[in-house]
Amino acid sequence: MSVPTPSSPPSPSPSPSPSSTSTPDAFHPDRLWQHALLTGLCAVAGFALHVAGLRGDPLAVAVVLLLCLSYWATGWLPDFVISLLLMFLLATCTSLGANVVFSGFTSSAFWLVFSGAVIGMALNVTGLGERVASRLADHCGRAYGLALAGFVAIAFALSIVMPSTLGRIAILTPIVLSFCERVGLTPGRPGRIGLMLATALASCELSTAILPANLPNLVMAGTAETVLGLHLGYGEYAIALVPTLAIVRGVVLVVVAKRLFPDRLTTLRAENGSDATTRDTPMSAHEKRLLAALTLMLALWLTEPWHHVAAGWVGLGIALLCLGPLRLVNADAFLKQVKLAPLWFVAAIIGLTAAVDHAGLANALRPLLAHLDLAQLSTMPAYLGLVVLSIVLTFLVTSNAAPALYTPLVPALAVGAPLGAKAILLTQAVGISTIALPYQAPPLVLAMALAGIGIRDATRYCVATALVALLSVVPLTAVWWHVIGLMSLR
């Protein structure tokens, strides 16, 4: 098979699960106390739930859920090991059956993550991703605020065609750093930090408004389809969330970055030969074929209400084109260069949520949600309470795993609520896109490592953007949903 020669680092994988930064030797004697601590806490919690009246499969699923989500949140085990452990425990400690435990492998979300890995590699290998980002970046070199807005817009635009947060960050990070060098933002300059953080956080947060653009969305959509029977269309999802979670939140990211990290750009220096070659050389045949494939994929996603082919199957078809007839990605190189551990995470999480549903755990947790009796609240307080709930879950288990806890509770929360089931389901997107601390978004941690950004600067920026978003994005989303008829504020 003839494929283009890679001119960039190995292709990114899909968005990592929460433990992508786990230590090499998770069972070193010095770390055994970590496993003993989590096991002991889960045993105590299991005993408490047993005393409270929980029995059988609901009790087993609750303990397994607590153990595995704790490992994902702490990163004390590699992500694929946690995924395998979860499926093993559900298969052996419950009577739910393989069709429930392994239902994640039949979900379109699973295959969308796979296709995202293939497309990400194709973008890197052909050079199309760098070409697009570089061309757009060349128009942002006149003012610092314009550069911030430009890269935030680029991050959002890439989320439309590339369903991998890690992939977008891997493509954009070197482009942002190269841009900084050309405009005099040397290491340590506030503007360099601001540009990198705004781009990275935009890659994580703004993509929440595009259904197949990141892992939390895929988990939410896959779980809603598998457990609740609710199908989220690409178009209706975008209409509900793009105006506020993408546009308004994007403005917030730019304004806060400019305020926290003020700086000025100097005159653009002459570009080196490689940069000029990338910009001026006509698109190769491989780039043109990939661009045509991505255009077709986007067209099929946008027309899903007419052809009813889920985004995952569309993505899989495009991935097969890249691996086969289009000759864009070498299959052997793909298996060697791309980490597929996130696929296990998606399958495990969707299987976990299916287990929660089939075991009746959501119904068993209803008494614990008594303080969230939405039937006693008017629309706005109920909406705000759901946003707070989703934010709390994001703090506990990171944005990747939060939908696994929230989504199965939608039927229980919808009983007598002033909001419909779809509005309750979508409200979690408002919460999981509000990143207050870096650890809540694992891809952000990767961007910090690649760009040399310190935890202090990242935390300042995340906290500031989260606070501003709570005062702007959250209420404006409610107003927008009232306008489009998703919920009533009367």
Report, ordered by the first and then the second residue, all pairs with beta carbons closer than 8 Å, sequence separation of six or more or different chains, a first member in segment 206-219 that is closer than 16 Å to I349 by Cβ and without any contact (Cβ under 8 Å) to a residue 60 or more places away in the chain, and a second member that is part of a helix (DSSP H, G or I) and open to solvent by less than 10 Å² (accessible area, probe 1.4 Å).
none
Is it fair to say A238 is at pLDDT 90 or above and surrounded by fewer than 24 Cβ atoms within 10 Å (Cβ to Cβ)?
yes
Can you tell which of V474, V479 is among the β-branched types (V, I, T) and open to solvent by less than 30 Å² (accessible area, probe 1.4 Å)?
V474
Do you know which of the residues in segment 362-391 that are under 22 Å from G485 (Cβ atoms) and in a loop (DSSP other than H, G, I, E, B) is modelled with the lowest pLDDT?
L377
How do the pairs read when you match residues in segment 439-468 that are farther than 24 Å from P262 by Cβ and aromatic (F, W, Y) with residues anywhere that are open to solvent by less than 20 Å² (accessible area, probe 1.4 Å) and assigned to a helix (DSSP H, G or I), using Cβ under 9 Å and keeping only pairs 6 or more apart or on different chains?
Y439/T398
Just checking, how many residues over segment 300-359 are under 16 Å from F110 (Cα atoms) and outside any helix (DSSP H, G or I)?
5
Picking from I175, I171, the residue that is of a type outside the set (D, E), in a helix (DSSP H, G or I) and surrounded by fewer than 24 Cβ atoms within 10 Å (Cβ to Cβ) would be I175
Collect the residues in segment 47-92 that are within 20 Å of the chain's Cα centre (by Cα), open to solvent by less than 30 Å² (accessible area, probe 1.4 Å) and aliphatic (A, V, I, L, M), keeping them in residue-number order.
L69, I82
T226 - would you say it is open to solvent by less than 10 Å² (accessible area, probe 1.4 Å), of a type in the set (S, T, Y) and in contact (Cβ under 8 Å) with a residue 24 or more places away in the chain?
no
For A359, the lone unmet condition from (1) more than 24 Å from F88 (Cβ to Cβ); (2) open to solvent by 10 Å² or more (accessible area, probe 1.4 Å); (3) at pLDDT below 85 is (1)
Could you say which residue among P403, P442, P418 is within 18 Å of G75 (Cβ to Cβ) and touching a Ser or Thr at 6+ places or on another chain (Cβ under 9 Å)?
P442
Does A436 satisfy the criteria of being crowded, with 21+ Cβ neighbours inside 10 Å and not in a helix (DSSP H, G or I)?
no
Which of the residues belonging to segment 95-121 are in a helix (DSSP H, G or I), in contact (Cβ under 8 Å) with a residue 40 or more places away in the chain and among the small types (G, A, S)?
S103, G104, S108, A109, S115, G116, A117, G120
Is it the case that K258 is at pLDDT 90 or above, open to solvent by 60 Å² or more (accessible area, probe 1.4 Å) and over 27 Å from the mean Cα position of the chain (by Cα)?
no
Filter result for S164 (at pLDDT 85 or above, of a type in the set (S, T, Y), crowded, with 24+ Cβ neighbours inside 10 Å and under 25 Å from E304 (Cα atoms))
no
Condition first: modelled with pLDDT of 85 or more, among the aliphatic types (A, V, I, L, M) and not in a helix (DSSP H, G or I). Can you find one or more residues in segment 124-141 that meet it?
no
Test for L425: is it crowded, with 21+ Cβ neighbours inside 10 Å, free of Cβ contacts under 8 Å to residues at least 40 places away in the same chain and in contact with a helix residue (DSSP H, G or I) (Cβ under 8 Å, 6 or more places away or on another chain):
no
Kindly indicate whether any position in segment 212-233 is in a helix (DSSP H, G or I) and farther than 27 Å from A412 by Cα.
no
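The values are calculated or read from the model by the stated rules, or taken from the named source; none is laboratory data. Since the structure is predicted, the reported quantities are computational estimates derived from the model, not experimental observations. Counting neighbours? That spans all protein chains shown, and the Cβs are built from the backbone with ideal geometry, glycine included. Keep in mind that these areas ignore ligands, DNA and RNA; they rest on the heavy atoms of the full protein, side chains included. Shrake-Rupley method; radii C 1.70, N 1.55, O 1.52, S 1.80 Å.
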